[in-house]
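The values are calculated or read from the model by the stated rules, or taken from the named source; none is laboratory data. Worth saying up front: this structure is predicted, and the values here are computed from it rather than measured. Cβ placement follows ideal geometry from the backbone for every residue including glycine, while neighbour counts extend to all protein chains displayed.
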């Protein structure tokens with residue numbers, strides 16, 4: 001990963017493992033996600049901040065790029081055929097697109113039941129409730145919950161379609177840069193990946209570093225990744241034309 | 001791929017037996033315990049399908065929950081279709097095709113501009129059929145459903161293999177004339193189908209064709 005110059009950096013915030021976050025990332029800004037202890041997971045959802053009916057669409061994204069996972073060069077499409085975000089640099093190599101969110105039942109079954117009254121903020125949080133809390137802050141709810149990305153997690157499928165979680169994939173300090181190509185409402189949770197077999201609840205903390213990347217140029221590696229992405233960037237540019 | 005399982009049910013005893021033409025939407029209610037069959041009349045037809053709890057459409061089929069809970073990308077006999085609340089909505093009880101897609105989603109005018117050509121926008125698409133159903137189909141419209149409710153769908157009969165290195169391909173169909181998939185409803189479900197009109201890839205063998213929909217009462 002290239003190091004960011006201090007004048008590029010807009011702000012930094014740590015999301016403790018298990019916790020949730022949401023915020024507006026403007027067109028041309030980027031987030032560097034850094035896995036602070038290794039084995040992190042960031043469940044990520046994206047909405048057009050000006051029209052939240054337009055949202056990240058897993059299927060359109062995967063079929064446009066003929067991929068079942070994310071790495072450098074890939075972009076995230078909205079359901080309106082526009083590029084919402086781009087993976088402009090990736091020190092991890094594989095981010096899961098298929099497996100969805102952990103929920104309260106799964107976390108309790110795997111790690112044991114906790115409650116705020118006893119554990120205070122050490123309670124075990126789950127991804128589904130985390131993102132629903134954040135969606136609620138923006139007037140959104142269960143109807144807006146679509147298939148999400150899981151940054152830092154690698155899950156492969158064998159010939160028969162059986163999934164396997166690849167342990168020890170992301171290491172402490174690993175990072176990925178996502179540039180926002182639209183004004184995007186970002187909603188995320190740093191709770192464990194649903195298929196993570198670890199028996200202890202120890203989700204890694206994730207550092208968010210917001211920085212100014214600028215909008216994609218003609219020679220941008222994500223734009224040039226495939227002809228589909230070139231057309232997707234044209235659709236995005238038309239949306240902001242005035 | 002799982003073993004093919006045939007059904008013992010005869011179309012003669014079905015309480016509903018309809019044909020959905022190529023490019024049309026279809027919607028209906030399947031009550032808890034009833035059996036719902038989708039039959040690929042001419043072969044290689046993708047049937048884009050969404051399910052909702054008929055009493056509370058905020059609860060709906062969830063691709064992520066279905067894939068995650070079974071640790072499995074494809075659907076076949078024995079697969080449970082889970083809701084976003086983690087509840088079983090339907091169970092596949094017979095399948096003579098062998099594999100159905102969870103990842104490919106529905107085609108749309110907008111995604112066609114990306115996948116094929118900016119000039120493909122006017123072509124008919126599954127998303128447009130879903131929007132048509134939202135405006136016109138009583139059992140969808142009367143539940144105040146909107147675009148918000150159009151989530152990632154199942155593509156029955158569609159073959160979208162995922163390789164171990166993470167590549168996704170749209171392969172020739174493995175379905176053929178007369179193949180079917182049959183499922184038992186575990187709750188009262190609203191079914192919303194787009195019988196896919198896509199002409200730009202092999203998901204329909206470049207020739208969209210009609211499908212047959214049947215419902216039987218529980219024994």
Failed item, numbered, when residue B:198 is tested on (1) touching a strand residue (DSSP E or B) at 6+ places or on another chain (Cβ under 9 Å); (2) closer than 24 Å to residue A:80 by Cα; (3) buried (at least 21 other Cβ atoms within 10 Å of the Cβ):
(1)
Is it the case that some residue within segment B:7-29 is under 30 Å from residue A:194 (Cβ atoms), in contact with a strand residue (DSSP E or B) (Cβ under 9 Å, 6 or more places away or on another chain) and surrounded by 21 or more Cβ atoms within 10 Å (Cβ to Cβ)?
no
What residue, among those in segment B:34-63 that are under 22 Å from residue A:194 (Cα atoms) and within 15 Å of the chain's Cα centre (by Cα), is farthest from the other protein chains (Cβ to nearest Cβ)?
B:61
In segment A:149-165, which residues are more than 11 Å from residue B:68 (Cα to Cα), surrounded by 20 or more Cβ atoms within 10 Å (Cβ to Cβ) and more than 7 Å from chain B (Cβ to nearest Cβ)?
A:149, A:150, A:151, A:152, A:153, A:154
Residue in segment A:233-241 that is modelled with pLDDT of 95 or more, under 20 Å from the mean Cα position of the chain (by Cα) and within 12 Å of another protein chain (Cβ to nearest Cβ) present
yes
Condition check for residue B:73: crowded, with 22+ Cβ neighbours inside 10 Å, without any contact (Cβ under 8 Å) to a residue 24 or more places away in the chain and within 11 Å of chain A (Cβ to nearest Cβ):
no
Flag for residue A:219 being without any contact (Cβ under 8 Å) to a residue 60 or more places away in the chain and more than 14 Å from chain B (Cβ to nearest Cβ):
yes
Applying the selection to segment A:81-102, what residues are surrounded by 23 or more Cβ atoms within 10 Å (Cβ to Cβ) and within 11 Å of another protein chain (Cβ to nearest Cβ)?
A:81, A:82, A:83, A:95, A:96, A:97, A:98, A:99, A:100, A:101, A:102
May I ask you to list the residues in segment B:132-153 that are away from chain A (no Cβ under 11 Å) and out of contact with any helix residue (DSSP H, G or I) (no Cβ under 7 Å at 6 or more places or on another chain)?
B:132, B:136, B:137, B:138, B:139, B:142, B:143
Only one of B:105, B:78 that is at positive phi, within 13 Å of the chain's Cα centre (by Cα) and modelled with pLDDT of 95 or more:
B:105
